[in-house]
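A short reminder: the numbers here are calculations on the coordinates, not readings from a lab. Model, not experiment: these values are computed from the prediction. Quick reminder, even Gly has a Cβ in these numbers, built from the backbone with ideal geometry, and neighbours come from all protein chains shown.
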Amino acid sequence: MAIFSVYVVNKAGGLIYQHDSYAPRAEAEKTFSYPLDLLLKLHDERVLVAFGQRDGIRVGHAVLAINGTDVNGKYTADGKEVLEYLGNPANYPVSIRFGRPRLTSNEKLMLASMFHSLFAIGSQLSPEQGSSGIEMLETDTFKLHCFQTLTGIKFVVLADPRQAGIDSLLRKIYEIYSDFALKNPFYSLEMPIRCELFDQNLKLALEVAEKAGTFGPGS
Amino acid sequence: MSRPVPRRPEYHKINRDLLVLTYGALVAQLCKDYEKDEDVNKYLDKMGYGIGTRLVEDFLARSCVRRCHSYSEITHIIAEMNVLFPLPPTCPVTGRDCVDAPAFATAPFIHIFQASSHKNQPQVLLILLQSQQVAFKMYLGVTPSVTCNNSSKNEFSLILDKNPLSEFVEELPAGRSSLCYCNLLCGIIRGALEMVHLAVDVMFLQDRLKGDSVTEIGITFLKQPEKKKYRRRK
């Protein structure tokens, strides 16, 4: 998937819509025997690897599943604490799946508001009057494209650096927003968007953009 | 940066009569619900405000307007848009014109200069109203003419020779002489402009239904209150 996620931020900086379409990330599942040669730590309600990087399991990866059942934060599916469970030699051998933790919705909210503030700072720093604000943020693994409408709503798309045609995708998302979110009589302005038609049409637009756009090696 | 490719809007057109008759039914119902004309006018304005706040996004999304930095650029865009949105086709069944489905009045084109320099203000506002002409054409199929009313250049009028919304209205009902039949339009203009940070006062100056020769909508741009600058803490 070349387009990773779409965020819609309202005038006040609050996230009103978010859509992810990640490719499955590198995850490693391995069977361990007691004692565990990785050091695990509880951080931010998640169990993370603090030391002992090996074989695809890196520092910062979270425990995603134990013995095939997904882990819920710091508790297993049965309600036991993960660290306690793994400290007990009677539970071994155990199969643990590690991987990069996904962002929770609170974290996404926070990141969206932070981006909103950075955007505002960016427009003010401009030496010329009437700057458009941050349009693109480029890194080696992704590009963040942002389009702010004249009314203050921001559409943010994170995509593969080689993906082309994101500008027209942003305009298309604006049209879809004006058609399916704003014309829905039950939708109040500036509130989170919970419109099925909006979701459906957005996914369709993303698919079209992906097929049309990537010009990278091997495509 | 390359210019955005202008594209034809892909949205439904509906029969104009349906729209006009629905609006008439709406006003008739409001008249039944409220005895006073002022109340009806007020509610029409309120409804229009709600429509305007949403319609402006539709207009901006479909009209490919971008931030303009010069007078000539703006007029160029407006001219381009006039080419892109030709007059609506006529319906083969009734022979009447079709209008666009998304709510039925204007969404002004906005944001030319961000109210930055006062001396540009008059030009800005004139352009703003020229773009309202485009929007009128886009949504209602008629183009009003723009005039400037006073020397300080913050009062303008849109003059409509024929008002499509009151096509089937012969005359205002007895006892409803101060009813502004198309007050929805005023609300829409006000709502749309407010979404792009321009405070306006909109009212009907002349109304064909009340015996005047044309329908005139007056728009007064109110001065923006100065934003407070951040104060340093002592």
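With one equal scatterer per alpha carbon and no solvent term, the Debye-computed log10 I(q)/I(0) for segment A:17-66 at 0.30, 0.33 1/Å reads -1.31, -1.40. Quick one: grab the alpha carbon gyration tensor of segment A:126-170, order the square roots of its eigenvalues as a ≥ b ≥ c, and give me rounded if a/c is under 1.5, else prolate or oblate depending on whether a/b is larger than b/c. Oblate.
Helix A:166-176 and the longest principal axis of the Cα set of chain A meet at an angle near 80°.
Let me check I've understood the local charge: for B:L205, count other residues with C-beta under 14 angstrom from its C-beta, Lys and Arg +1, Asp and Glu -1. What total comes out? Present the calculation step by step, with values, prior to reporting the outcome.
Details: positive: B:R208, B:K210; negative: B:E155, B:D201, B:D207, B:D212, B:E216.
Once positives and negatives cancel, what remains is -3.
Working from the Cα coordinates of segment A:1-94, the gyration tensor eigenvalues give, after taking √(5λ), semi-axes of 32, 16, 13 Å in decreasing order. Of the cross-linked pairs A:K108/A:K183; A:K41/A:K203; B:K46/B:K162; A:K11/B:K162; B:K42/B:K223; A:K41/A:K154, those separated by over 28 Å at the C-alpha level are A:K41/A:K203; A:K11/B:K162; A:K41/A:K154. For the pair A:E45 and A:V59, the difference between a 0.36 nm per residue extended length and the Cα-Cα distance amounts to 3.4 nm. Residue by residue, segment A:51-65 carries 3J(HN,Hα) couplings of 7, x, 5, 6, 6, x, 9, 10, 5, x, 5, 9, 6, 9, 8 Hz when phi is fed to the Karplus relation 6.51 cos²θ - 1.76 cosθ + 1.60 (θ = phi - 60°); x denotes Gly or Pro.
If each residue's Cβ is checked for other Cβ atoms within 10 Å, how do A:F147, A:F186 rank with the fewest at the top? Numbers along the way, then the final one.
Numbers: A:F147 19, A:F186 6.
Ascending number of Cβ neighbours within 10 Å: A:F186, A:F147.
Could you state the angle between the C-alpha long axis of helix A:105-125 and the longest principal axis of the C-alpha atoms of chain A, as a value from 0 to 90 degrees rounded to the nearest 10? Here the helix axis deviates by roughly 40 degrees. The distance linking segment A:127-193 with segment B:133-190 is 34 Å (Cα centroid to Cα centroid, whole angstrom). Ordering B:C182, B:C31 by the number of other Cβ atoms within 10 Å of each residue's own Cβ, fewest first, gives B:C31, B:C182.
Volume of the convex hull of chain A (Cα atoms only), normalised per residue: 163 Å³.
Just tell me how shielded B:53-60 is by partners: mean number of partner chain Cβ atoms within 10 Å of each residue's Cβ, no decimals. Don't skip to the answer; put the middle values down first.
Values: counts 3, 8, 3, 5, 13, 7, 2, 7.
Across the residues of B:53-60, the mean count of other-chain Cβ atoms within 10 Å is 6.
Panel note: the C-alpha atoms of segment A:127-219, placed on their principal axes, show extents of 45, 39, 18 Å (largest first).
The long axis of helix A:196-213 is offset from the longest Cα principal axis of chain A by roughly 90 degrees. Toward the positive end of the charge dipole of segment A:107-219, with +1 on the Cβ of Lys and Arg and -1 on the Cβ of Asp and Glu, the farthest Cα among A:A181, A:V208, A:S113 is that of A:A181. What the Cβ-Cβ distance of A:K11 and B:M203 gives, at R0 = 41 Å and to the nearest 0.05, is a FRET efficiency of 0.90.
Quick check on the exposure proxy: order A:F115, A:F32 from fewest to most C-beta atoms within 10 angstrom.
Details: A:F115 21, A:F32 14.
Ranked by crowding around the Cβ, least crowded first: A:F32, A:F115.
Seen from A:Y92, the other residues with C-beta closer than 13 Å to its C-beta sum to a net charge of 0, counting Lys and Arg as +1 and Asp and Glu as -1.
Quick check on segment A:74-137: what are the equivalent-ellipsoid semi-axes from the Cα gyration tensor, as sqrt(5λ), descending, whole Å? All intermediate terms of the calculation are to be shown ahead of the outcome.
Values: eigenvalues 455, 25, 13 Å².
They are 48, 11, 8 Å, listed from largest to smallest.
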